[in-house]
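> I have a structure here, written as structure tokens, and I will follow up with some questions on it.
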Amino acid sequence: MAQYKHSNYLNQSDNAAYDTLYKPGENCPNSGIYRCEACGDEIASNKGNPFPPQNHHQHAPGKGSIQWKLIVFAQQKK
Ligand SMILES: [Zn+2]
């Protein structure tokens, strides 16, 4: 589970961006921390880069498919 120390650096948000699931190799739309829905692994991914390919993040048979979900959005200045 993602962790933090100083809560004043994080805001709670209901933005729909936190509900979308992404497949391996798909383009990352928002920089931030993503969690795999099936195994709970977490990664940092940058906007415009692809999510880790299938052969980089692997599941044991029967674990289900890899689906990345945004859990912490990195607010970047324009
Ligand atoms: Zn996984």
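> Starting from segment 41-62, take each residue that is farther than 14 Å from K23 by Cβ and free of Cβ contacts under 8 Å to residues at least 12 places away in the same chain and list its partners that are of a type in the set (A, V, I, L, M, F, W, C) and within 13 Å of the ligand (Cβ to nearest atom), counting only C-beta distances under 7 angstrom and pairs at least six apart or across chains.
none
> Another question, then. What are the pairs, 6+ residues apart or on separate chains, where a residue within segment 14-40 that is β-branched (V, I, T) has its Cβ under 8 Å from a residue that is within 16 Å of the ligand (Cβ to nearest atom) and not in a strand (DSSP E or B)?
Final answer for the pair search is I33/A2.
> Count, please, the residues in segment 14-37 that happen to be within 16 Å of the ligand (Cβ to nearest atom) and either at pLDDT below 95 or of a type in the set (F, W, Y) (or both).
2
> One residue is enough: does segment 40-61 have a residue meeting the conditions polar (S, T, N, Q), touching a Pro at 6+ places or on another chain (Cβ under 8 Å) and loosely packed, with under 14 Cβ neighbours inside 10 Å?
yes
> Something else now. For the subset of segment 22-78 comprising residues that are in a strand (DSSP E or B) and among the polar types (S, T, N, Q), which member is nearest to Y9 (Cα to Cα)?
In this case the residue turns out to be S45.
> What residue, among those in segment 62-75 that are away from the ligand (no atom under 11 Å from the Cβ) and at negative phi, is surrounded by the most Cβ atoms within 10 Å (Cβ to Cβ)?
If we take residues in segment 62-75 being away from the ligand (no atom under 11 Å from the Cβ) and at negative phi, then L70 is surrounded by the most Cβ atoms within 10 Å (Cβ to Cβ).
The values are calculated or read from the model by the stated rules, or taken from the named source; none is laboratory data. This is a predicted model, so every value here is computed, not measured. Every residue, glycine among them, receives a Cβ derived from its backbone with ideal geometry; neighbour counts consider all protein chains shown.
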